[in-house]
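What follows is a single structure, written as structure tokens, with notes after it.
The values are calculated or read from the model by the stated rules, or taken from the named source; none is laboratory data. A quick note: this is a predicted structure, and the numbers were derived from the prediction, not measured. In this analysis, Cβ positions are derived from the backbone assuming ideal geometry, glycine residues included, and neighbour counts consider all displayed protein chains. When the accessible area is computed, the model is the full protein with side chains, heavy atoms only, and any ligands, DNA or RNA have been set aside. Shrake-Rupley method; radii C 1.70, N 1.55, O 1.52, S 1.80 Å.
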Amino acid sequence: MSPALVGVGALLVALLIVELLIQLNFISRFIVPPPSEIVGSFGRVIVEEHVFSRFLLTLGECLTAGVMLTVFGIAGGVLMHRFRLLQQACETWVAAMAAAPLVLAYPLFMVIFGRNAWTIIMMGFFAALPPVILKTIEGMANTRKVLVNVGRSFNLTPTQQFWKIMFPAALPTIFVGVRLGLIFALINIVGVEFLINYGGLGQLINDLAERYDLAGTYAAICFVILVSVLFFMTLEKAERWLRPID
Amino acid sequence: MPSNASANDAILVADDIVVRFETPEGPITAVDNVSLMVRPGEFLSVIGPSGCGKSTLFNVIGGLLAEHQGVVTVAGETISGPHKSIGMVFQEESTFPWRTVTDNVGFPLELVGMPKAQRIDRARHFIKMVGLDGFENRYPGELSGGMRQRVSLARTLASEPKILLMDEPFAALDEQTRLLLGDKVLQIQQQLKQTTLLITHNITEAVQMSDRILVMTYRPGKVKRIVDINLPRPRTSEIVGSEAFGRYVAQIWSDLREEASRGMQDEEKHALEHHGAAS
């Protein structure tokens with residue numbers, strides 16, 4: 001039996017259990033709507049709430065923030081690993097930033113970027129940057145010394161040493177950082193869409209929740225999960241392409 | 001200086017190498033006035049107990065350790081860092097996990113800008129030489145420890161070094177694999193007339209493969225004795241059962257035993273001191 005089939009089966013069983021618990025009044029349907037109602041509301045949410053355009057907006061914001069955090073996060077991590085003083089001076093701040101509830105700074109971002117998608121993207125980007133930087137530093141620092149020595153024994157230039165040994169050796173750890181970063185980005189993007197009522201799936205969740213359309217709210221959350229799934233599948237493909245087997 | 005090789009006909013000369021390290025317990029002399037010479041096509045092994053500075057000497061000769069006294073020359077040229085004439089095989093597993101066997105072996109050829117088709121051909125030649133044909137497209141993660149060490153060896157051979165410098169390349173392998181890989185190295189060394197310097201703590205391995213064996217003392221690492229191995233060539237691992245082989249092993253062990261005992265006593269003393277300080 002394939003793992004994917006088992007995964008889908010486990011999800012269906014879990015939903016069935018929730019459905020039963022709600023139907024038997026163990027869980028209040030005014031707090032958690034029955035899964036059957038959520039499935040039934042998909043058509044309505046898709047047609048009436050223009051979910052496709054909202055989905056594309058959130059996906060686009062995530063994609064932009066994802067590309068930015070990959071480029072700047074990895075570059076930042078590499079620079080901090082390369083210049084010890086910079087790392088000693090800034091690593092604690094970056095780690096502190098990872099734990100800070102940056103979403104609360106959304107009014108400041110709105111003042112700087114205006115009430116538009118860039119506020120949302122930049123909030124997602126800044127909130128997701130620390131794990132990428134920290135994991136890049138970790139990956140570079142943990143490159144096995146013997147691999148570096150192999151490079152030295154072949155007289156590699158510092159640029160060759162980086163591109164041919166350090167970077168590919170650090171890739172699995174960097175990918176962990178990018179994955180974590182994307183989770184942070186998605187949470188913040190949907191959260192800020194929710195807060196500033198600008199658009200995307202976050203705003204839809206806000207609207208439906210305020211209308212007390214619980215089934216619709218959960219259906220919209222399913223689309224957020226779909227964005228997340230799409231990102232992780234793409235990332236996994238990219239990782240397999242860059243590092244086929246470890 | 002060893003008497004049975006003169007500086008003129010040597011391809012590799014290490015002269016009066018001294019390496020000192022600063023430690024929390026004070027400075028330690030890891031290598032003390034070690035001199036050696038290797039002639040073209042010769043197989044020289046450096047053997048000694050753990051902590052005698054063998055790997056430090058490997059790093060000095062390979063140009064990876066700059067802080068030392070003394071001079072290393074390759075064909076008369078003093079080296080001040082890694083030298084293109086010296087190919088190194090490391091003790092630890094050192095294949096690139098993100099590259100296939102062919103790409104690992106072709107790595108040094110890629111660095112010199114060899115066209116891809118030619119590089120693959122050349123890499124396959126060395127893959128075949130180490131007996132890994134059929135595994136060209138596998139990744140190191142799909143291979144055993146012995147096979148990975150053969151990939152490392154093939155990668156180093158692909159750079160066509162004048163001197164092959166190996167630091168206990170089979171240390172992590174079981175005895176049977178080690179003997180069989182020793183056969184492979186001997187076969188390649190004889191085929192390529194490859195000058196080889198092997199660092200090892202394994203007496204059987206050293207006697208099986210070497211023309212000469214340099215025995216080092218426990219810390220500070222000095223040259224204790226150089227033993228000529230007059231066993232017939234070509235050799236295979238079958239030679240380990242011969243009487244002459246046994247005599248060489250016994251002779252080297254009698255030299256090493258004293259040093260290994262000193263090493264063990266030193267470690268016990270340190271452990272006791274640490275334990276005393278801790279309690």
Q) Residues B:Arg150, B:Arg212: which one is at pLDDT 95 or above and buried (at least 17 other Cβ atoms within 10 Å of the Cβ)? A) B:Arg212
Q) How many of the residues making up segment B:105-139 are under 16 Å from B:Glu160 (Cβ atoms) and within 14 Å of chain A (Cβ to nearest Cβ)? A) 10
Q: Looking for whichever is aliphatic (A, V, I, L, M), assigned by TED's automatic domain parsing to the domain that holds A:Val67 and open to solvent by less than 10 Å² (accessible area, probe 1.4 Å) here; the options are A:Leu201, A:Leu195. Which one fits?
A: A:Leu201
Q. What is the one condition in (1) free of Cβ contacts under 8 Å to residues at least 40 places away in the same chain; (2) open to solvent by less than 90 Å² (accessible area, probe 1.4 Å); (3) assigned by TED's automatic domain parsing to the domain that holds A:Leu235 that A:Ala14 does not satisfy?
A. (3)
Q.
For B:Asn230, only one of the following conditions fails: (1) surrounded by 14 or more Cβ atoms within 10 Å (Cβ to Cβ); (2) without any contact (Cβ under 8 Å) to a residue 60 or more places away in the chain. What is its number?
A. (1)
Q.
Out of B:Val13, B:Val34, I need the residue that is closer than 13 Å to B:Ile199 by Cβ and of a type outside the set (Lys, Arg). Which one?
A. B:Val34
Q: Would you kindly identify the helices (runs of 4 or more DSSP H) lying entirely within segment A:105-162 that contain at least 2 residues that are within 22 Å of the chain's Cα centre (by Cα)?
A: A:106-113, A:117-141
Q) Got at least one residue in segment B:50-72 being away from chain A (no Cβ under 14 Å), assigned to a strand (DSSP E or B), of a type in the set (Val, Ile, Thr) and open to solvent by 30 Å² or more (accessible area, probe 1.4 Å)? A) yes
Q | strands (runs of 3 or more DSSP E) fully within segment B:142-258 counting 2 or more residues that are under 29 Å from A:Phe154 (Cα atoms) and of a type in the set (A, V, I, L, M, F, W, C) | A | B:163-167, B:195-200, B:212-216
(Q) Could you check segment B:122-143 and list, in sequence order, the residues that are under 21 Å from A:Leu147 (Cα atoms) and open to solvent by 60 Å² or more (accessible area, probe 1.4 Å)? (A) B:Asn137, B:Arg138, B:Glu142
